[in-house]
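Q: Here you go, one structure.
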Amino acid sequence: MNRLRTRVADLDRQRRHRSTARAVQRLLPEPESWLDIGTGEAHFPGTAKELFPYTSFDGTDPDPRLMLAREAERVEEAYVGTLTDPSLAAALRARYDVTTLLRPPASTDELHAALATLRPTGLLLLEIPHPQAEPLRAALASQNCAIVTSTRLVLDRVAANSHRLIARRPA
């Protein structure tokens, strides 16, 4: 029974990841480079590569298991650490067409660091709980970002109260 639950959970995660990648695909059909913040074992980039086979996916995470994801070729570059680390932030500044943060930002510093990784007119995709959507929208507006799309996820019990925000960095 546990194996069945695990398999169902894996399929559900893949479905959510495909949906997230499709949201970007409508706005930017072929990004050159993509950074996934807090990627863990890089399950999201692994799934998104199905839709974006020519996109270079990189990931950041404080957990060294990220190196396993690089060995499994789910990400091309693996950066162990947090994006608020000044040396990592400097190395990743303005390198990506798309940056994903599939959890609420830990701080406004992390949100600013995520925006700094984007090239001009790059996309930042956030998935956040419903109560945090409006304050985050205001924080993005204060950075002169345009909210390109905001959708409610109704894919499963866990994501029913989540919102997806996609913001475009100003040129």
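Q: Whole angstrom only: what separates the Cα centroid of the range 126-148 from the Cα centroid of the range 13-45?
A: If we compute the Cα centre of each part, the gap is 19 Å.
Q: Also, quick follow-up: With Cβ to Cβ distances under 9 Å as the rule, what net charge do the other residues near Ser56 carry (K, R +1; D, E -1)?
A: -4
Q: Can you tell me which of 98-104, 10-16 comes out highest on packing, and rank the rest after it, using the mean Cβ neighbours within 10 Å? Don't skip to the end; give the middle numbers.
A: On the way: 98-104: 22.1, 10-16: 14.1.
Order by mean packing, descending: 98-104, 10-16.
Q: Continuing with the same structure: Per-residue counts of other Cβ atoms within 10 Å, averaged by peptide: what ranking do you get for 26-37, 64-75, highest first?
A: Most protected by this proxy first, the peptides run 26-37, 64-75.
Q: So for the range 48-133, averaging the separation of alpha carbon pairs under 8 Å that are six or more residues apart and normalising by length, what relative contact order in percent results?
A: About 23 percent, as a whole number.
Q: For the range 117-133, just list the computed ³J(HN,Hα) in residue order, Karplus coefficients 6.51, -1.76 and 1.60, θ = phi - 60°, integers in Hz, with x standing in for Gly and Pro.
A: My calculation for the range 117-133 gives 6, 7, 6, x, 6, x, 10, 10, 10, 10, 10, 9, x, 3, x, 8, 5 Hz in order.
Q: Sticking with this structure for a sec: What is the order of His43, His17, His130, fewest Cβ neighbours within 10 Å to most?
A: With the sparsest Cβ surroundings first, the list reads His130, His43, His17.
Q: Contact order normalised by length for the range 2-168, with contacts defined as Cα pairs under 8 Å and 6 or more residues apart; what percent is it?
A: That works out to 16 percent.
Values in this text are rule-based calculations from the coordinates and carry no lab data. What you are looking at is a predicted structure, and each value in this text was computed from that prediction instead of being measured. When we count neighbours, we look across all protein chains shown, and the Cβ atoms used for this are built from the backbone with ideal geometry, even at glycine.
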